[in-house]
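All remarks here apply to the structure that follows.
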Amino acid sequence: KAGVTQTPRYLIKTRGQQVTLSCSPISGHRSVSWYQQTPGQGLQFLFEYFSETQRNKGNFPGRFSGRQFSNSRSEMNVSTLELGDSALYLCASSLLPDRLGEQYFGPGTRLTVT
Amino acid sequence: AQKVTQAQTEISVVEKEDVTLDCVYETRDTTYYLFWYKQPPSGELVFLIRRNSFDEQNEISGRYSWNFQKSTSSFNFTITASQVVDSAVYFCALSASSGGYQKVTFGTGTKLQVIP
């Protein structure tokens, strides 16, 4: 069974640009959650999508958005990038929403904003 | 408000020693979930366990065990006979409802180094 894949693995953007990250969950999983990890703020929950609907969200500004497609693949978009958005972005997939099922994480996308 | 405290920033143990990672949480919700995750040097998070607030039974999985005590708001994680492969950063997390959403709060992590 293929694991969770995230593309791209590394990304360099400049301030003010926008970026789209992609996450393909394990086949059959309908829940995809996104997390941001930075040295300063640690691990933070961004949002969760389940069956194409945003089910949960963390405390992030509206510049951070996401969506989920009918095949459960999810994309995360960050507009008007700021230096502080530099982070490792992790996604996790699960059979069940609300972290009720076992979560499987992807390798992450390392975003650097210059 | 939710809060998760992992007071141990870094721990070093010699291989085969037992080690306990502490996690103390705060929440006003009566229904919540607690988690432990492992992040090895490769960076990929690994889910270890989920425990709901109504289940205070301790759990053992191989060399891993978890002690959940609501009375002290703690969810500690013990590794028995530690191995070098256990070297990683371990995160404790809390998930509870907030305004109709499940809010997730992570601790700052404990870096465990197992010395051969």
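The values are calculated or read from the model by the stated rules, or taken from the named source; none is laboratory data. The shown structure was predicted, so the numbers you read here are calculated from the model rather than taken from an experiment. FYI the Cβ positions are ideal-geometry reconstructions off the backbone, even for glycines, and counts take in every protein chain you see.
Side notes on the structure shown:
- Test: residue in region B:15-23 that is over 14 Å from the mean Cα position of the chain (by Cα) and without any contact (Cβ under 8 Å) to a residue 24 or more places away in the chain: no
- Restricting attention to region A:59-82 and to residues that are closer than 27 Å to residue B:3 by Cβ and more than 12 Å from the chain's Cα centre (by Cα), the residue that is surrounded by the fewest Cβ atoms within 10 Å (Cβ to Cβ) turns out to be A:62.
- Residues satisfying the criterion are present in region B:31-50 (criterion: farther than 30 Å from residue A:5 by Cα and in a loop (DSSP other than H, G, I, E, B)).
- Between B:83, B:57, the distinction of being touching a residue at least 60 places away in the same chain (Cβ under 8 Å) and more than 14 Å from chain A (Cβ to nearest Cβ) belongs to B:83 only.
- Candidates are the residues of region B:64-99 that are modelled with pLDDT of 95 or more and in a loop (DSSP other than H, G, I, E, B); the one that is surrounded by the most Cβ atoms within 10 Å (Cβ to Cβ) is B:82.
- Residue in region B:101-112 that is within 9 Å of chain A (Cβ to nearest Cβ) and surrounded by fewer than 19 Cβ atoms within 10 Å (Cβ to Cβ) present: yes
- Answer from A:96, A:81, A:100 - the residue that is outside any strand (DSSP E or B), away from chain B (no Cβ under 14 Å) and hydrophobic (A, V, I, L, M, F, W, C): A:81
- Filter result for residue A:105 (over 21 Å from residue B:44 (Cβ atoms), aromatic (Phe, Trp, Tyr) and in contact (Cβ under 8 Å) with a residue 24 or more places away in the chain): no
- For region B:5-30, a tally of residues being within 14 Å of chain A (Cβ to nearest Cβ) and outside any loop (DSSP other than H, G, I, E, B) returns 1.
- In region A:1-29, the residue that is farthest from residue A:69 (Cα to Cα) out of those that are at pLDDT 95 or above and among the basic types (Lys, Arg) is A:15.
- Criterion applied to A:6, A:17, A:37, A:54 was being without any contact (Cβ under 8 Å) to a residue 40 or more places away in the chain and either crowded, with 20+ Cβ neighbours inside 10 Å or touching a strand residue (DSSP E or B) at 6+ places or on another chain (Cβ under 9 Å) (or both), and the one residue passing it is A:54.
- Counting residues in region B:14-21 that are at pLDDT below 95 and of a type in the set (Lys, Arg) gives zero.
- Considering only residues in region A:36-60 that are among the small types (Gly, Ala, Ser) and more than 18 Å from residue A:101 (Cα to Cα), the one that is nearest to the other protein chains (Cβ to nearest Cβ) turns out to be A:42.
- Any hit, region A:58-73, residues being in a strand (DSSP E or B), within 19 Å of residue B:35 (Cβ to Cβ) and modelled with pLDDT under 95: no
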